[in-house]
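Please read the structure below before turning to the comments.
The values are calculated or read from the model by the stated rules, or taken from the named source; none is laboratory data. Keep in mind that what you see is a predicted model, and the values were worked out from it rather than measured. Cβ placement follows ideal geometry from the backbone for every residue including glycine, while neighbour counts extend to all protein chains displayed. For accessibility, only protein heavy atoms count, side chains too; no ligands or nucleic acids. Shrake-Rupley method; radii C 1.70, N 1.55, O 1.52, S 1.80 Å.
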Amino acid sequence: MAASLMDTYHYWGAEFISSFQRLVPNRGRFFMQVSAVGDPGLAFTLYFPLLLSVHAGLGVRLMWTLLFCEWSNMILKWVLAGDRPFWWIHETTMYKGLPPPMYQFPITCETGSGNPSGHAKLNAAMFYVLVSAFITMVVQHSSSLSEQQKTWARRGLWAGYATWMVLVILSRTYVAAHFPHQCIAGVAIGIGMALLVARMPVLEVMSRKQYLALSATIITTVLGVYFGLQLGGWDALWSMEKAIKWCVKREYIHLDTMPFYSFSRFSGVSLGLGMGLSSPWYKKANRSRFNWKMTVSLAVLSLGMSQVGVMVHQSLPRSMVGLYPAEFLLNATVTFVLVAALPHLVRVASNVPAGDKFKKN
């Protein structure tokens, strides 16, 4: 029954994708740009360091939200084992003749399983955090807006959020990376993750031992699910073979979409974030005393450091032994520098007195 229902979702999803590509031709570049704006890699290398520089508390909340999204996404993809459109149409028995025409693009051939959509989940969570924070910290506290204007501002921001999420869903389906129901599931889970982290302020003020325990939990749960599936006779990396088999161009297969690359990224970031938040440097930064020049300097340094991390990542040979441990250490180091070392450097260089305890912005 469950298999039959899923086949029905897949069938109508594939029909929608094929029809969508035919009805809106030559829009691949546009929809790839939509996906690029909300790419998980960009969230870690651009949005997080920039937001962390402007508002430390909000930046930390955003990163924990991203980490919880990535963590749950990897486990759910293994447990739910959802197909992707670009290979499902070739392997299903529902098409007695030729499968429907479906174009592929440079971002189509992701190697993980398809359910839920990580792109949709991360965008839903990330922009939910940003929109809700903007409403709370700017709109609600604005003295130049009337109550009616504040209401319309809130409605406009949430309408913009909803519009963006529709574009993300259409993008992921147009490029045949996901079925529509996988994107909808991703949006729902992403919003849930954002709400969960917002109700866990303790994530910003834990001890070093607690952060180490949380990072260890993230690592062991992922590895536990992986080896549990392997011991149970189920190949957790089954989707990689299908992606490689049915991708029309080998260059469409990217390292960044492989399950254990994602794991090395978010587990490394979780360690670096925890070590940074529990560091004396972070506590001494006393960010409430940063003026606009210090904030701009920190933003420039943070973006520069983030790009250094990107360049090191790109320079690592894809065939090197220990690639994933190297990625883990790289992400942990860069995150620690962004969270603790750079704010401390800017504070010291600007002769700002050290704070004696954790302070929220």
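Answer yes or no as to whether Phe134 is open to solvent by less than 50 Å² (accessible area, probe 1.4 Å) and among the aromatic types (Phe, Trp, Tyr). Let's see the steps before the verdict.
Numbers: open to solvent by less than 50 Å² (accessible area, probe 1.4 Å): no; among the aromatic types (Phe, Trp, Tyr): yes.
No.
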Go through (1) open to solvent by 40 Å² or more (accessible area, probe 1.4 Å); (2) farther than 26 Å from Phe31 by Cα for Ser142 and report which single condition fails. (1)
Considering only the range 69-99, how many residues are open to solvent by 20 Å² or more (accessible area, probe 1.4 Å) and either part of a loop (DSSP other than H, G, I, E, B) or in contact with a Cys (Cβ under 9 Å, 6 or more places away or on another chain) (or both)? 10
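Mind listing whichever residues of the range 221-252 are surrounded by fewer than 16 Cβ atoms within 10 Å (Cβ to Cβ) and within 20 Å of the chain's Cα centre (by Cα)?
As a first pass, look at the range 221-252 and keep what is surrounded by fewer than 16 Cβ atoms within 10 Å (Cβ to Cβ): 221, 223-224, 227-228, 230-235, 238, 241, 244-245, 248-251.
Within the range 221-252, Thr221, Leu223 qualify.
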Is it the case that Met206 is out of contact with any Asp or Glu (no Cβ under 7 Å at 6 or more places or on another chain), within 30 Å of Val54 (Cβ to Cβ) and assigned to a helix (DSSP H, G or I)? no
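What number of residues in the range 93-125 are farther than 27 Å from Glu241 by Cα and in contact with a Ser or Thr (Cβ under 7 Å, 6 or more places away or on another chain)?
Let us first name the residues in the range 93-125 that are farther than 27 Å from Glu241 by Cα, namely 123-125.
Now drop any that are not in contact with a Ser or Thr (Cβ under 7 Å, 6 or more places away or on another chain), which leaves 125.
Residues in the range 93-125 being farther than 27 Å from Glu241 by Cα and in contact with a Ser or Thr (Cβ under 7 Å, 6 or more places away or on another chain): 1 in total.
Would you confirm, using the coordinates I've provided, whether Tyr128 is open to solvent by 10 Å² or more (accessible area, probe 1.4 Å), more than 18 Å from Cys247 (Cβ to Cβ) and in contact (Cβ under 8 Å) with a residue 60 or more places away in the chain? Lay out the reasoning, then the answer.
Details: open to solvent by 10 Å² or more (accessible area, probe 1.4 Å): yes; more than 18 Å from Cys247 (Cβ to Cβ): yes; in contact (Cβ under 8 Å) with a residue 60 or more places away in the chain: yes.
Considered against the rule, which asks whether it is open to solvent by 10 Å² or more (accessible area, probe 1.4 Å), more than 18 Å from Cys247 (Cβ to Cβ) and in contact (Cβ under 8 Å) with a residue 60 or more places away in the chain, Tyr128 comes out as yes.
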Candidates Ser279, Ser262, Ser239 - the one that is out of contact with any Cys (no Cβ under 9 Å at 6 or more places or on another chain) and over 30 Å from Cys109 (Cβ atoms): Ser279
For a quick check of your reading of the model, give me the residue pairs whose first member lies in the range 273-284 and is under 19 Å from Phe44 (Cα atoms) and modelled with pLDDT of 90 or more, whose second is open to solvent by 10 Å² or more (accessible area, probe 1.4 Å) and not in a helix (DSSP H, G or I), with beta-carbon atoms closer than 8 Å and at least 6 apart or on different chains. Gly274/Met206; Leu277/Val205; Leu277/Met206
Quick one: in the range 147-202, of everything that is polar (S, T, N, Q) and farther than 27 Å from Met102 by Cα, which residue is surrounded by the fewest Cβ atoms within 10 Å (Cβ to Cβ)? Gln148
Do we have Arg287 as of a type in the set (D, E, K, R), over 24 Å from Glu204 (Cβ atoms) and in contact with a helix residue (DSSP H, G or I) (Cβ under 9 Å, 6 or more places away or on another chain) here? no
